[in-house]
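What follows is a single structure, written as structure tokens, with notes after it.
Where a number appears in this text, it was derived from the coordinates with a stated rule and is not lab data. Treat the numbers as computed from the prediction; the structure is a model and nothing was measured. As a convention, Cβ positions derive from the backbone with ideal geometry for all residues, glycine included, and neighbour counts pool all protein chains shown.
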Amino acid sequence: MKIAFFSDLHGNDEALAAILEDIDQQRVDLTVCAGDAVNPFSGSAVAWETIQALNIPMVRGNHEDYMLAFHDPVNRTPMWDDIQYFPIQWAAQSLPGAAIREIANLPMRLTIPGPGGDDVLVCHASPDDNRRNFIQNLDEAMAASLSRFTEGVVVAGHIHWQWQTYWQKKRLILCGGAGLPLNGNPAAQYLILRHQNGGWSVDHRTVVYDHLAMLRKLQQSGFLEAGGPVSWLLYDELWTAERRIVPFFEYLGPEAKPVTLADWQQVARQYLEAIGRWEYLAPQVANGSSSV
């Protein structure tokens, strides 16, 4: 039995096409999405439609939660209008109502039956929390959560890394960043588990694709304008496969966040200048349809 898993596509339909082509060549029995298929990139609707058309089982990631929060007519959240969440607002408005209803029905976790009862548990970050991953802090609460489940293998995403370890007779595996890897290599990442010799073997795969084509799509879609300064950071994460969002908010520190759009633009530019990236991004920000 062979199972393919991908996670953290984030609306990168170019990466999805490359991964699905490679999966097809591997002749797997099942393909599963471990969440964050959508948001913030411009291929979110296409990615969602593709996953649904291929009947790919999927669990709900935190970015699917963001889409639901934006479309919640009752519980108003900062995602509705805060400048920080402009990319989320932009992506959420690109998804049709049918997609939002389908996202609302996604499970938190799935069990994939394996040969001889060697089952696999799939979740986004961890079985009971799609924002807190076991690689970050395997504390008492996380240990209690993992111990509730009998599956010997747990596959997750969320951290955008390819990784595995053993913990109390369980194998914990991260399947990598499909559309937004963060290891300095922009190649799309996914995972294949193969059941052989009485257990699961792990194949962390990378697929080289034209990630610059996705950057051009973002420019042409209006992402850099509509998404505001936070979209500049997301764009550079895709470009470089390096973290920008978390370090940027660490750079801001515990003080009050910027208020106006001009303030956000100023601090984002200061941060990008400090890390030597503004000279590369400035032409893209100035002209969203320019060439990479």
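Tally the DSSP beta bridges in the chain and give the antiparallel ones as a percent, rounded to 5.
If I count the DSSP bridges inside the chain, around 65 percent turn out antiparallel.
Starting with the fewest neighbours, write out Phe41, Phe223 ranked by other beta-carbon atoms found within 10 Å of each beta-carbon.
Phe223, Phe41
Output the peptides 108-114, 31-37 sorted from most to least packed, where packing is the average of other Cβ atoms within 10 Å over each peptide's residues.
31-37, 108-114
Which angle between 0 and 90 degrees, to the nearest 10, do you get for helix 228-240 versus the longest principal axis of the chain when only C-alpha atoms count?
50
Once you charge only the Cβ atoms, +1 for Lys and Arg and -1 for Asp and Glu, what is the size of the charge dipole of segment 212-286 about its Cα centre, to the nearest 20 debye?
Roughly 220 debye for segment 212-286.
Fully extended, how many nm does the chain gain between Asn105 and Glu250 (0.36 nm per residue separation, minus their Cα-Cα distance)?
Residue separation times 0.36 nm, minus the Cα-Cα distance, leaves 48.8 nm.
Run the dipole for segment 1-113 about the Cα centre, Lys and Arg Cβ at +1, Asp and Glu Cβ at -1, nothing else charged, and hand back the magnitude in debye, nearest 20.
340
Could you give the length gained on full extension between Ala282 and Ala53, defined as 0.36 nm per residue of separation minus the Cα-Cα distance, in nm?
Here the answer is 78.6 nm.
What is the extension gain from Asn75 to Thr150, computed as 0.36 nm multiplied by their sequence separation minus the C-alpha to C-alpha distance, in nm to one decimal?
23.4 nm
Which of the listed residues, Ile275, Leu233, Tyr251, is farthest toward the dipole's positive end in segment 212-286, when Lys, Arg count +1 and Asp, Glu count -1 at the beta-carbon?
So the residue we want is Leu233.
Between Gln220 and Gln164, what's the calculated FRET efficiency when r is the beta-carbon distance and R0 is 35 Å? Round to 0.05.
0.40
Given a cut-off of under 8 Å on Cα pairs at least six residues apart, what relative contact order in percent is computed for segment 2-207?
Once divided by the residue count of segment 2-207, the mean separation gives 23 percent.
Using alpha carbon centroids, what distance separates segment 76-94 and segment 175-207, in Å?
Cα centroid to Cα centroid, the span is 31 Å.
Enumerate the aspartates and glutamates that Lys217 could reach by cross-link, defined here as Cα to Cα under 17 Å, with residues fewer than 8 away along the same chain left out.
Asp13, Glu14, Glu225, Asp236, Glu237
What's the magnitude of the charge dipole for segment 2-207 around its Cα centre, counting Lys and Arg as +1 and Asp and Glu as -1 at the beta-carbon? Answer in Debye, nearest 20.
500
Can you tell me the orientation of helix 211-221 relative to the chain, as the angle in degrees between its alpha-carbon axis and the longest Cα principal axis, to the nearest 10?
It works out to around 50 degrees.
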